[in-house]
Amino acid sequence: MSDLQCEEEPTRALRPVPERVTERTIRISGEHAVGPRRGDTSRTVILKEPPSSLAWLVIRSGARAGSIFTLDPRGTSIGRDVQCDIVLDDESVSRQHAKVKAKKATKNQERYYVWDLASANGTFVNGKQVTKQLLQDGDEVKIGTIPLVFKQV
């Protein structure tokens with residue numbers, strides 16, 4: 001893990017301090033940002049909360065069959081590029097191939113959409129080539145030649 005340098009210390013928490021501490025919580029003590037320690041009574045500042053994901057993609061067949069990728073509701077990039085959230089190392093997959101993102105449907109439900117990012121070999125949902133498509137639980141999403149199944153609860 002790399003050392004973090006902060007130019008200024010936070011002066012206030014933006015939201016109430018949570019009661020439970022996770023490995024994603026950073027405590028601010030004096031001038032240094034350090035991981036959580038037992039008995040540490042310094043205040044807790046949440047820098048970034050992890051998204052709750054209730055949707056994922058599963059590779060259906062091939063060498064990586066069964067691999068599960070959770071989807072970030074704010075957006076999950078798919079491609080061959082190592083900067084993508086889901087990296088599919090296959091010649092049929094473009095560097096920046098597709099993106100999956102959620103949009104609010106109702107107060108408690110999100111609907112996921114897949115966008116093709118002008119890929120060379122296209123993005124397919126249930127055998128049909130798409131540029132943007134609403135995903136339903138059980139849909140087959142084909143990125144290049146790699147078949148994935150979309151699951152949502």
Which trypsin sites (Lys or Arg not before Pro) in the range 88-153 pass both tests, a DSSP loop state and at most 12 other beta-carbon atoms within 10 Å? Lys107
Looking only at lysines whose Cα falls under 19 Å of Lys151's and that sit 8 or more positions away or on another chain, we get Lys99, Lys101, Lys103, Lys104, Lys128, Lys132, Lys142
Going through the range 89-153, which GluC sites (Glu not before Pro) have at most 12 other Cβ atoms within 10 Å and a DSSP loop state? Glu91
Over the range 82-140, with neighbouring protein chains present, the accessible area per residue in Å² at probe 1.4 Å is 64
Leaving out ligands, DNA and RNA, and with a 1.4 Å probe, what % of the accessible surface on the range 51-153 is carbon or sulfur? 47
If I take R0 = 25 Å and measure r between the Cβ atoms of Asp137 and Ala63 in this structure, what FRET efficiency does the formula 1/(1 + (r/R0)^6) give, to the nearest 0.05? 0.50
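The values are calculated or read from the model by the stated rules, or taken from the named source; none is laboratory data. Model, not experiment: these values are computed from the prediction. Ideal geometry is used to build each Cβ from the backbone, glycine not excepted, and the neighbour counts take in all protein chains shown. Areas reflect the complete protein model, heavy atoms only, side chains present, ligands, DNA and RNA absent. Shrake-Rupley method; radii C 1.70, N 1.55, O 1.52, S 1.80 Å.
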